[in-house]
1. Can you give me the long-range amide H partners of Met51? Hydrogens built in the peptide plane at 1.01 Å from N, cutoff under 5 Å, separation of 5 or more residues or another chain.
2. Ignoring ligands, DNA and RNA, what percent of the 1.4 Å accessible area of the chain is carbon and sulfur?
3. Cβ under 11 Å from Arg80's Cβ, Arg80 left aside: what net charge do those residues give with Lys, Arg +1 and Asp, Glu -1?
4. Enumerate the calculated ³J(HN,Hα) couplings along region 49-59 in order (Karplus 6.51 cos²θ - 1.76 cosθ + 1.60, θ = phi - 60°), each rounded to whole Hz, writing x wherever the residue is Gly or Pro.
5. Using a 1.4 Å probe, what is the accessible area per residue for the chain, in Å²?
6. Collect residues whose amide H, placed 1.01 Å from N in the peptide plane, falls under 5 Å from the amide H of Gly64; neighbours closer than 5 in sequence don't count.
7. Below 14 angstrom from the Cβ of Ala115, what's the summed charge of the other residues (Lys, Arg +1; Asp, Glu -1)?
8. What is the Cα centroid distance between region 9-85 and region 123-157, reported in whole angstrom?
Amino acid sequence: MSTTRFTDAVAALLAAYTAAPALTGIPVYDGPQPSAAYDPEFVIVGHDATMAPDGTLEATALAGNYLQEWADSTDGQEERGTVNCLIVSQTGDTTDLPGRRARIKTLLAAAEDAALAAQVTHLTFDGTTDGRFITRQSSAGAAVMCAYRVAYSAPWG
C-alpha cells in the first residue's frame, strides 16, 4: 500500500526556500499566515492566491494536487503532483508596480533555483509548471503577486 509524497514535497520546498541564499531575509510560510500581510515580501508554500472579498489572501486555499499511477515495469506506483506557491512583493508606494514586478521576477528565479537544487530521496522537483501574476493597487500601496505551481515526481518501487 502506498501513501502520497505530497507532504514530503511541501516539507522539501519549505526547507529549500528557507535555506536558499538568494531568499535570505524573505519569510517563507507553510500555508497562509495572518502576519504575512505586514511583510513587504514573502513566500507561501501551499497557497494558490485565492482572495477573500476584502482583497486579502484567503485563509483556506488549495495547497496542491497529486496523482498516483501504477508504474509500467514494477509492482509499485509512481506519483506526480504540484505544490501551489505564492510570492508577494508589496510597498506603500502606489506607483511602484514596475518595481514590484521586477522584484517578483528575481524572487521567482531564486525559488525555482532552490527547488531544482533540493536533494530529497525518491522525490524530484521537475520545475515550475505554470503561474499567474496578480497586481493590486489601492491608496495603501501597490502589490504584485505571483501564484505558481511546482511540479514533482516520486517513483515507487
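The values are calculated or read from the model by the stated rules, or taken from the named source; none is laboratory data. This is a predicted model, so every value here is computed, not measured. Glycine also receives a Cβ, built like all others from the backbone with ideal geometry; neighbour counts cover every protein chain displayed. Note: accessible area is taken over every heavy atom of the protein model, side chains too, but ligands, DNA and RNA are not part of it. Shrake-Rupley method; radii C 1.70, N 1.55, O 1.52, S 1.80 Å.
1. Glu58
2. Working: 4470 of 8270 Å².
C and S fraction of accessible area: 54 percent.
3. Values: positive: Arg5; negative: Glu69, Glu78, Glu79, Asp126.
Around Arg80, the charge tally is -3.
4. So the Karplus estimates, Gly and Pro as x, are 6, 4, 10, 7, x, 7, x, 8, 5, 5, 6 Hz.
5. Numbers: 8270 Å² over 157 residues.
So the chain comes to 53 Å² accessible per residue, rounded to a whole number.
6. For Gly64, the qualifying residues are Asn84.
7. Numbers: positive: Arg149; negative: Asp8, Glu112, Asp113, Asp126.
Around Ala115, the charge tally is -3.
8. 8
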